[in-house]
Amino acid sequence: MRITIFHNSNPQSLHITADLSQKLKQNGFSVVEKNPDIVITVGGDGTLLSAFHHYADALDHIRFVGVHTGHLGFYTDWRDYELDELVDSLRHDNRTQVTYPLLDVSVQYVGAAQATHYLALNEATLKCISATLVADIYIHDELFESFRGDGLCISTPTGSTAYNKSIGGAVLHPSLEAIQLAEIASINNRVFRTLSAPIVISPNEWIDIYPEAKAAEYLMTVDRAVPKRRPIKSIRYRIADQRIAFAGNRHMHFWNRVEDAFIGEKQQP
């Protein structure tokens, strides 16, 4: 088995990476930089997001494992003091995996012959920097609403616990093949009206956003990345054909993960 360790620059993560690398080699694993079967991330969710985008072209044959060294690890199943247990689980690996849906973002830039595609694990957003974002929202090629407000967030089920949750979106179980649209500070009055509630889109539908042409400063994000600003004609969001896979030897149940991340230890009655 070929394993890559993808880590952040935190001193604790560097120490754990060195220790883990030694333990893997002692147990007969190949610790490599290219073409891995498994990518072990050492850090937090940000590190795993970075690893996901680094290996986005190889998702069909890579499984991820997260080792947590930070404050909150929603995607990480192992703690930094469990390295021996992690290595032992890899020695008895039976190729099981848990997969999650991803978001395909297709941007048609003004003047471009073809659309540019991006892939998101958590979410993609669209905002207008210096003014109100004005955009028409289509669902399955039908006009749904004309939006005015700070911005829009389209998230995956796993991403529903990230930025989406902070702006009032619903938390979705990742077994649902769905994406979610949440409005960011929409304007609602006698003149302008929106649904003002999160919208969950089924797997056979898609969302198209057509921002107002005269607006000059759009800020688009894909997870933590900010693509170079260019005039946008339209953006299509749908469930991606690709999925992310996590090694299933020890993958925490989703609702247990949500409880651990946001509620913490409960007091017994």
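Side notes on the structure shown:
- Inter-site label distance for residue 81 and residue 140 at 7 Å from Cα along Cβ, in nm: 5.2 nm
- Nearest-ten-degree value, helix 11-26 long axis tilted from longest Cα axis of the chain: 50 degrees
- Between residue 56 and residue 212, the contour length at 0.36 nm per residue exceeds the alpha carbon distance by 53.0 nm.
- Burial ordering of 148, 229, 238, fewest other beta-carbon atoms within 10 Å first: 229, 238, 148
- Calculated FRET value between residue 226 and residue 256, using beta carbons and R₀ = 35 Å, to 0.05: 0.60
- Lysine pair count for the chain with Cα-Cα distance under 23 Å and sequence separation of 8 or more or different chains is 9.
- Prolate/oblate/rounded label for the stretch 134-182 (Cα gyration tensor, a/c 1.5): oblate
- Were the residues from residue 18 through residue 188 laid out at 0.36 nm apart, the gain over their Cα-Cα distance would be 55.8 nm.
- Set the Cα radius of gyration of the stretch 1-61 against 2.2 N^0.38 Å, with N its number of residues, and you get 1.09.
- Under-5 Å amide H pairs with residue 32, H placed in peptide plane, nonlocal only: 3, 4, 5
Quick note: the coordinates plus some simple rules give every number you see, no bench work behind them. For clarity, every value in this text was computed on a predicted model and none was experimentally measured. Note that we place each Cβ from the backbone using ideal geometry, even for glycine, and neighbour counts take in every protein chain shown.
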